[in-house]
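J.: Quick one: this structure, given as structure tokens, is what I'll be asking you about.
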There are 2 protein chains.
Amino acid sequence: MDLGLLYSGGKDSTLAGLLLEDFYDVTLVTASFGITDAWEHARETADATGFEFDTVALDDDVAGQAVETMVEDGYPRNGIQQVHLHALEAVAEMEFDAVADGTRRDDRVPSVSRAQAQSLEDRHDVDYIVPLAGFGRNAVDSLVDATLDVQTGPSEEIPKADYEDELRVLLAREYGEGTVSEVFPDHTQTYVKGFSRAGARPGRPDAK
Amino acid sequence: MDLGLLYSGGKDSTLAGLLLEDFYDVTLVTASFGITDAWEHARETADATGFEFDTVALDDDVAGQAVETMVEDGYPRNGIQQVHLHALEAVAEMEFDAVADGTRRDDRVPSVSRAQAQSLEDRHDVDYIVPLAGFGRNAVDSLVDATLDVQTGPSEEIPKADYEDELRVLLAREYGEGTVSEVFPDHTQTYVKGFSRAGARPGRPDAK
């Protein structure tokens, strides 16, 4: 079965791919508004971890609305949520049997309700899978430590690979740099460079 | 990391074990009140699927209270929920770094709230993991079809392997056989006999 995983290049969505790869033919799919080439960083992580990779185009209007929402709110949560749901729809319209994302149990945003999940599945005739939905923060951190080589830091110092970087660029362009730091104060991100040691792919004979 | 998975011998908890085995040293743990030897069926499935196996003793008083609740309610849901939470506590008291169960996204019961999950983790200093929390019914069925050899049917015709069988026996003993079919009308269960074809262990080289 073919599965498209909405992919940011960060630790959560990379771990989600590893959890699914024994059961699905996983393609990492990075969503882009075409505002920056940030998606290229995600492709590098896909190469380093040996996954298939693709991109999907998002609607400019959604970016504009999300940025407007963020500025009105003074925080990014609702804008990110809008874009995440739009990106899931875009992946669901591709030719996959299943779509997935890297949302964790303790994430406040993005979060997809059971009703939204069922609706996505019914409208697109796909399974929607959230492999980390039953993993808390500590469990995710333990698995990531054991598996991946991760760069962690403030958003501005970490290679950005998904639509969040594009939303920041759009925000700066339309409202000025100051608005970016007002809307995203002290935002920490992660970027996966590869496995934590050569050949340490979970469950593979060469990992022993 | 050592993980104890609350195990019934059914398709959901078996699939949960397969999802976790690349990341944890998984032991399947079947909880028993000591009322029947149903747990032996779970051990057979553990042998057939190559997992470590253990049992954990449950408190008789919890069985008595659960059966009382079921009779008062006229349905099994709340009684099962009480026993499931008690069984998770029992596994969490064993020497594991993490505990898990086979609950799915669409299960109404048992269901463990985010607050209950956090409380279990904090009190026992373990991670509580629900590998199927992000999988809907159709996704689980697809993966099970591709992976496991499953016997499905009415509860009375399927080898029973966990505390639910014991609750039925206790219910019959204390309230009569008629009460069992009043409380559990048309209850379908599954029992895993092994992998769906020889060597078809997901992600293993011999599965290709």
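J.: Taking the stated definitions as given, is B:ASP97 free of Cβ contacts under 8 Å to residues at least 24 places away in the same chain, within 14 Å of chain A (Cβ to nearest Cβ), farther than 30 Å from A:ALA115 by Cα and over 17 Å from the mean Cα position of the chain (by Cα)?
T.: On the way: free of Cβ contacts under 8 Å to residues at least 24 places away in the same chain: no; within 14 Å of chain A (Cβ to nearest Cβ): yes; farther than 30 Å from A:ALA115 by Cα: yes; over 17 Å from the mean Cα position of the chain (by Cα): yes.
Here the answer is no, as B:ASP97 does not meet what is asked.
J.: Moving on. Would you confirm, using the coordinates I've provided, whether B:ALA146 is part of a helix (DSSP H, G or I), within 13 Å of another protein chain (Cβ to nearest Cβ) and surrounded by fewer than 16 Cβ atoms within 10 Å (Cβ to Cβ)? Full working, then the answer.
T.: Working: part of a helix (DSSP H, G or I): yes; within 13 Å of another protein chain (Cβ to nearest Cβ): yes; surrounded by fewer than 16 Cβ atoms within 10 Å (Cβ to Cβ): yes.
For B:ALA146, the condition - part of a helix (DSSP H, G or I), within 13 Å of another protein chain (Cβ to nearest Cβ) and surrounded by fewer than 16 Cβ atoms within 10 Å (Cβ to Cβ) - is met.
J.: Identify the single condition in (1) surrounded by 24 or more Cβ atoms within 10 Å (Cβ to Cβ); (2) part of a loop (DSSP other than H, G, I, E, B); (3) away from chain A (no Cβ under 14 Å) that B:LEU171 does not satisfy, given that it satisfies every other one.
T.: (2)
J.: If A:LEU120 satisfies all but one of (1) under 18 Å from A:TRP39 (Cα atoms); (2) among the hydrophobic types (A, V, I, L, M, F, W, C); (3) without any contact (Cβ under 8 Å) to a residue 40 or more places away in the chain, what's the number of the condition it fails?
T.: Here A:LEU120 meets the rest and fails (1).
J.: For the range B:1-11, enumerate the residues that are modelled with pLDDT of 95 or more and within 18 Å of B:VAL83 (Cβ to Cβ).
T.: B:GLY4, B:LEU5, B:LEU6, B:TYR7 - these are the residues of the range B:1-11 that are modelled with pLDDT of 95 or more and within 18 Å of B:VAL83 (Cβ to Cβ).
J.: Checking A:VAL109 against (1) of a type in the set (Val, Ile, Thr); (2) within 21 Å of B:ALA117 (Cβ to Cβ); (3) within 8 Å of chain B (Cβ to nearest Cβ), which single condition isn't satisfied?
T.: (3)
J.: Let me ask something else. Being among the acidic types (Asp, Glu) and touching a residue at least 12 places away in the same chain (Cβ under 8 Å) is the requirement here; does B:ASP106 meet it? Outline the logic, then answer.
T.: Numbers: among the acidic types (Asp, Glu): yes; touching a residue at least 12 places away in the same chain (Cβ under 8 Å): yes.
Yes; evaluated as a whole, the condition is true for this residue.
J.: Here are A:ASP12, A:ASP22, A:ASP97, A:ASP47: which of them is farther than 30 Å from A:ASP145 by Cβ and not small (Gly, Ala, Ser)? Working first, answer last.
T.: On the way: A:ASP12 fails: farther than 30 Å from A:ASP145 by Cβ; A:ASP22 fails: farther than 30 Å from A:ASP145 by Cβ; A:ASP47 fails: farther than 30 Å from A:ASP145 by Cβ.
Every option except A:ASP97 fails the conditions.
J.: Hey, another quick one. Which members of the range A:112-136 meet the condition of being surrounded by 13 or more Cβ atoms within 10 Å (Cβ to Cβ), assigned to a helix (DSSP H, G or I) and more than 9 Å from every other protein chain (Cβ to nearest Cβ)? So that I can check it myself, show each step before the final result.
T.: Just the residues of the range A:112-136 that are surrounded by 13 or more Cβ atoms within 10 Å (Cβ to Cβ), to begin with: A:112, A:116-121, A:124, A:126-136.
Imposing the further condition that a residue be assigned to a helix (DSSP H, G or I) reduces the set to A:116-121, A:124.
Passing the criteria: A:GLN116, A:SER119, A:LEU120, A:HIS124.
J.: Let me ask something else. Please specify each residue of the range A:81-111 satisfying the condition of being closer than 21 Å to A:PHE53 by Cα, outside any helix (DSSP H, G or I) and among the aliphatic types (A, V, I, L, M). Write out each step before concluding.
T.: Taking the range A:81-111 first, the residues closer than 21 Å to A:PHE53 by Cα are A:83-103.
Going one step further and asking which of them are outside any helix (DSSP H, G or I), we end up with A:93-103.
Within the range A:81-111, A:MET94, A:ALA98, A:VAL99, A:ALA100 qualify.
J.: The conditions are (1) in contact with a helix residue (DSSP H, G or I) (Cβ under 9 Å, 6 or more places away or on another chain); (2) surrounded by 15 or more Cβ atoms within 10 Å (Cβ to Cβ); (3) more than 17 Å from B:GLN189 (Cβ to Cβ); (4) more than 13 Å from chain A (Cβ to nearest Cβ), and B:ILE80 fails exactly one of them. Which is it?
T.: Failed condition: (3).
J.: Out of (1) closer than 30 Å to A:MET1 by Cβ; (2) polar (S, T, N, Q); (3) surrounded by fewer than 19 Cβ atoms within 10 Å (Cβ to Cβ), the odd one out for B:THR27 is which?
T.: (3)
J.: Follow-up. Restrict the check to the range A:53-67 and report whether at least one residue is over 14 Å from A:GLU166 (Cα atoms) and in a helix (DSSP H, G or I).
T.: no
J.: Still on this structure, please answer the following. Which numbered condition in (1) small (Gly, Ala, Ser); (2) free of Cβ contacts under 8 Å to residues at least 24 places away in the same chain; (3) under 20 Å from B:THR36 (Cβ atoms) is the only one that B:GLY79 fails?
T.: B:GLY79 satisfies every listed condition except (2).
J.: Looking at B:ASP97, B:ASP122, B:ASP127 in this structure, which one is of a type outside the set (A, V, I, L, M, F, W, C) and out of contact with any strand residue (DSSP E or B) (no Cβ under 6 Å at 6 or more places or on another chain)?
T.: Numbers: B:ASP97 fails: out of contact with any strand residue (DSSP E or B) (no Cβ under 6 Å at 6 or more places or on another chain); B:ASP127 fails: out of contact with any strand residue (DSSP E or B) (no Cβ under 6 Å at 6 or more places or on another chain).
None of the others qualify; the one that does is B:ASP122.
J.: Please state which one of B:LEU28, B:LEU18, B:LEU5 is of a type in the set (A, V, I, L, M, F, W, C), outside any helix (DSSP H, G or I) and within 14 Å of another protein chain (Cβ to nearest Cβ). Break it down into steps so the answer makes sense when it comes.
T.: Numbers: B:LEU28 fails: within 14 Å of another protein chain (Cβ to nearest Cβ); B:LEU18 fails: outside any helix (DSSP H, G or I).
Every option except B:LEU5 fails the conditions.
J.: Only one of A:ALA161, A:ALA87 is touching a His at 6+ places or on another chain (Cβ under 6 Å), farther than 16 Å from A:LEU19 by Cα and surrounded by 21 or more Cβ atoms within 10 Å (Cβ to Cβ). Can you tell me which? I'd like the intermediate steps shown before the answer.
T.: On the way: A:ALA87 fails: touching a His at 6+ places or on another chain (Cβ under 6 Å).
On inspection, the qualifying residue turns out to be A:ALA161.
The values are calculated or read from the model by the stated rules, or taken from the named source; none is laboratory data. Just so it is clear, the structure is predicted and the values come from calculations on it, not from any experiment. Heads up, the Cβs are rebuilt from the backbone with ideal geometry, glycines too, and the neighbour counts pull from every protein chain shown.
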